[in-house]
């Protein structure tokens, strides 16, 4: 199938042949019939991408600050690689489509194959096939108005703005900005028995509103416009003003204050500054409100990704119910979007459509892309023939930033065959395959696991998927490399143990710090003959409470997801089984990500792990002190090593190195030689069990 993408580096657009998106839990696969280009949102995205580096820096000042902070930690070379990897990755476009359901996840009961639907959200892209969460998808009665239904998501933005205005029958609302969202807002207001007055600085937009039957549509430069509006409202002023314009000027907000009645509501839907003069807003006691996208549920992963709806008795209008309300109005004949469709292009001509927006060569409003629904589509793609020389034939499941920056660059130079990659996002799978030399790009994890050409599976997904993929791969006697954690629950861990016991395959967890060059030098210096005392301090940094890693069902929390790394590291230096573990937590709400952990080992070694998320970003992330006999080794953020004995010796690393390259070398060499994998499975199981124990005693 094909998908439209652009490079953030220079704005280059491409129609790429990509695999189908993954059909994940809670989603449906939809074959698009039509999609709408949002001239405002997408136009800005495209323009920003075409800016030079200086222009990008000015437009994204917060990102620049993050880059500077990363450079202080990782160094200039690694930071440059991270930034370029981001800029050179293709980015999808589009968020409002309509089409036919072609597949339904096993846990979705609201839709069936063959249903016609309107779709929205980050995955409702300009592509022949999309995967959409069920709460961002609504049924259509039939395909009669499927083209107009492709505007549903954009219309939900307009509808939410009206709901924020809280207007009633017979009231008057001024709409400032008559682009696509503004035009739909006018129609929705009229359908609700509300008198709309439209304003725009572009006469073409004003003329389009009049063409749609709106008598009260004015150019902003009309003389005495404020007086005209007061005349139309019996000298009271507008009951509400909805600003759907996009501008860097605060003029829309200021003008709204002038034309509003006492205690009116001013609702901001478009991208405008919120600064305003105090006089009108103070004297009239105006209520300035923001309208958030399609409505309640937006940006809430529980709603959008997990499909957990808000009870209708408490939240009458969610984003899904806003979308459905628009569809109902559309099919009842109360809305007419045909005049708003100023341009229609075949999907293959999508780049030409964007040129109209960027160059503004002619007036435009609704720009629709039409798809060939009779075309035969391929769910996977081949990049090149499979390399048959190596006995290590690798398939990757998941390939986010970590995999792209730390695993794949080191793997591609080893004696392996990179057979296939599968990611949730199809454009990402294609990009990864081409960039790192994979032969194929697939749409699902099962395509990797069941592939007879693949004998080694890398699992680099979100944490909740690790266990199920490990078990499936072991059942087919594959060798598995999984990123931490091994499992999220004791039940999952027991299932993995059982699967490994009955498999000819094997599992290694990516505990990379064991393999860091400075770790090996410290181990050589300390030795393995005496018990050790370890003090490991981690300045973990803050992660927002709503981040997926804190979700018990998806990330498992940071102790399971990351602190297991440091427990394993201490076990490696102790060279002994863990005999007991305990900890105290600084709890912030429901989040447990600051802990003082105490670990004891069977050989008498002890370790204190200070995993703190509440520190300064300026403090280096990690410091490890290992004491043994008369010797002490201190590793400073894997950049330098101090060795204390009768004298002090300092070893500096050319750059921060946490062992990823050495880890992968050891993993591949073990497979080629038929040896045990370099991180023993029983040790990974032990560390995982003790991590669960740490949490259970503190519940």
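Per-structure values
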quantity	calculated
Net lengthening on full extension, residue 697/residue 498 (0.36 nm per residue, minus Cα-Cα)	69.1 nm
Amide N proximity, region 87-105 versus residue 8 label position 7 Å along Cα-to-Cβ, cut-off under 18 Å	87-95
Whole-Å distance, taken between Cα centres, linking region 84-123 and region 354-394	14
For region 563-691, alpha-carbon Rg and Dmax in angstrom	16.7, 49
Residues listed by number, region 618-646, amide nitrogen under 15 Å from residue 652 label point at 7 Å toward C-beta	636-643
Sites residue 190 and residue 308, calculated FRET efficiency, Cβ-Cβ separation with R0 22 Å, nearest 0.05	0.05
On Cα atoms only, tilt of 61-74 relative to the major axis of the chain in degrees	10
Residues in region 594-624 reached by a label modelled at residue 584 [backbone nitrogen below 16 Å; 7 Å Cα→Cβ]	594-599, 608-613
Radius of gyration, Dmax [region 399-510; alpha carbons; angstrom]	13.5, 38
95, 282, 572 arranged by Cβ crowding within 10 Å, fewest neighbours leading	282, 572, 95
Rh (Kirkwood; distinct C-alpha pairs) - the chain, Å	28.2
Hydrodynamic radius (Kirkwood) for region 154-213, which is based on Cα pairs only, to one decimal in Å	11.4
Tilt relative to the chain, helix 681-696 - C-alpha long axis, 0 to 90 degrees, to 10	60
Helix 180-191 vs. the chain, principal-axis angle (Cα, 0 to 90°, nearest 10)	60
Value of relative contact order over region 399-510, rounded to a whole percent, pairs C-alpha under 8 Å and six or more apart	20
Label-point gap, in nm, between residue 282 and residue 362 - each point 7 angstrom along Cα→Cβ	5.1
Descending semi-axes in whole angstrom, ellipsoid equivalent of region 129-279, from the Cα gyration tensor	28, 17, 15
Per-selection Kirkwood Rh - region 166-253 (Cα, Å, 1 d.p.)	12.9
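The numbers here are math on the coordinates, done by the rules we state, and not lab data. Owing to the predicted nature of the structure, the values given are computational and were not obtained by experimental measurement. Counting neighbours? That spans all protein chains shown, and the Cβs are built from the backbone with ideal geometry, glycine included.
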